[in-house]
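Novice: One structure, as structure tokens, below. Some questions next.
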Amino acid sequence: MEIHILDDLIREGKIDEAIEIIRLISENKDESYLEVLLNNLKATDNNILRNEIAIALSDIGNEKAVDILIGVLIHPKTTGSRGTLLYALENFDYTAHIFTIAGFIGSSSLEVSMQAFLLLEYVIDELSDKQKEQCKSILESTFKNTENEILKEALELLE
């Protein structure tokens, strides 16, 4: 299968066919599609396609995906569909972005809040005291008036 076929399918709006190919890429952990996946992750406004690409990138496991996943995560176009993007980060070293991730812990979306909390929990032992304090400060300032059990748990975890 030629790499440009995936780009063509996406450009032509044949999303279901593109997703079939993306799932094969994911299953085979085929790194030859890495750049195509990264470019389409950034470019697409289709939440379903974006989620499939994020999962494929996670399965492939190439660290090049981290910065792009974070960039897409914080982009306004992903408001309301960030849970899978956070989930996709699990297979990577995302500690350099822990402050960005912490900012999603008090989200009004349970999925987003929980996934961000889990990412923090996975790396808590690797964080310095200074990083923990910064995460705590982010949570306290961002979610001053928020009553959220996950947020409370995150603050306890950072103690």
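Since every read-out is calculated from the coordinates, none of them should be taken as a lab result. Because the structure is a prediction, the values reported are computed rather than measured. Positions of Cβ are generated from backbone atoms using ideal geometry, with glycine treated the same way; all protein chains shown enter the neighbour counts.
Novice: Tell me the GluC sites (Glu not before Pro) within segment 71-147 that lie in a loop according to DSSP and have at most 16 other beta-carbon atoms within 10 Å.
Specialist: For GluC sites (Glu not before Pro) across segment 71-147 that sit outside H, G, I, E and B with at most 16 neighbouring Cβ atoms in 10 Å, the list reads Glu147.
Novice: Compute the acute angle (0 to 90°) between the alpha-carbon long axis of helix 65-74 and the principal axis of greatest extent of the alpha-carbon atoms of the chain; round to the nearest 10°.
Specialist: Tilt of helix 65-74: around 70 degrees.
Novice: So what is the relative contact order of segment 1-92, in percent, for Cα pairs below 8 Å that sit 6 or more residues apart?
Specialist: Relative contact order for segment 1-92 comes out at 27 percent.
Novice: Report the GluC sites (Glu not before Pro) located in segment 33-65 that are in a DSSP loop and have at most 10 other Cβ atoms inside 10 Å of their Cβ, or state none.
Specialist: Glu63
Novice: Going down the list Lys29/Lys132; Lys14/Lys152; Lys14/Lys77; Lys29/Lys130; Lys64/Lys144; Lys42/Lys136, which pairs span over 32 Å between their C-alpha atoms?
Specialist: As for pairs spanning more than 32 Å Cα to Cα, those are Lys29/Lys132; Lys14/Lys152; Lys29/Lys130; Lys64/Lys144.
Novice: At a threshold of 8 angstrom on Cα-Cα distance, excluding pairs fewer than six apart, so keeping six or more, what relative contact order does the chain reach in percent?
Specialist: 16
Novice: Turning to a different aspect of this structure: Can you give the local net charge around Leu118? Use residues other than it whose beta-carbon is closer than 13 angstrom to its beta-carbon, Lys and Arg +1, Asp and Glu -1.
Specialist: Net charge around Leu118: -4.
Novice: Cα axis of helix 129-142 to longest principal axis of the chain: angle in degrees, 0 to 90, nearest 10?
Specialist: Helix 129-142 sits at roughly 90 degrees to that axis.
Novice: Can you give the translational diffusion coefficient of the chain in µm²/s, computed by Stokes-Einstein from the Kirkwood radius over Cα pairs at 4 °C and 1.567 mPa s?
Specialist: Translational D for this selection: 79 µm²/s.
Novice: Just to confirm the number: angle between the C-alpha axis of helix 47-60 and the first principal axis of the chain, 0 to 90 degrees, nearest 10?
Specialist: Orientation of helix 47-60: about 90 degrees from the principal axis.
Novice: In whole Å and largest first, what semi-axes does the C-alpha gyration tensor of segment 1-92 yield when each eigenvalue is scaled by 5 and square-rooted?
Specialist: 19, 15, 11
Novice: Then there is this: Within segment 20-79, report the trypsin sites (Lys or Arg not before Pro) that DSSP leaves as loop and that have at most 16 other Cβ atoms within 10 Å.
Specialist: Filter output for segment 20-79: Lys29, Lys64.
Novice: Residue-wise, which Karplus ³J(HN,Hα) couplings in Hz belong to segment 109-124, taking 6.51 cos²θ - 1.76 cosθ + 1.60, θ = phi - 60°, and x for glycine or proline?
Specialist: Running phi through 6.51 cos²θ - 1.76 cosθ + 1.60 with θ = phi - 60° gives 7, 4, 4, 5, 4, 5, 5, 5, 4, 4, 4, 5, 4, 4, 10, 3 Hz.
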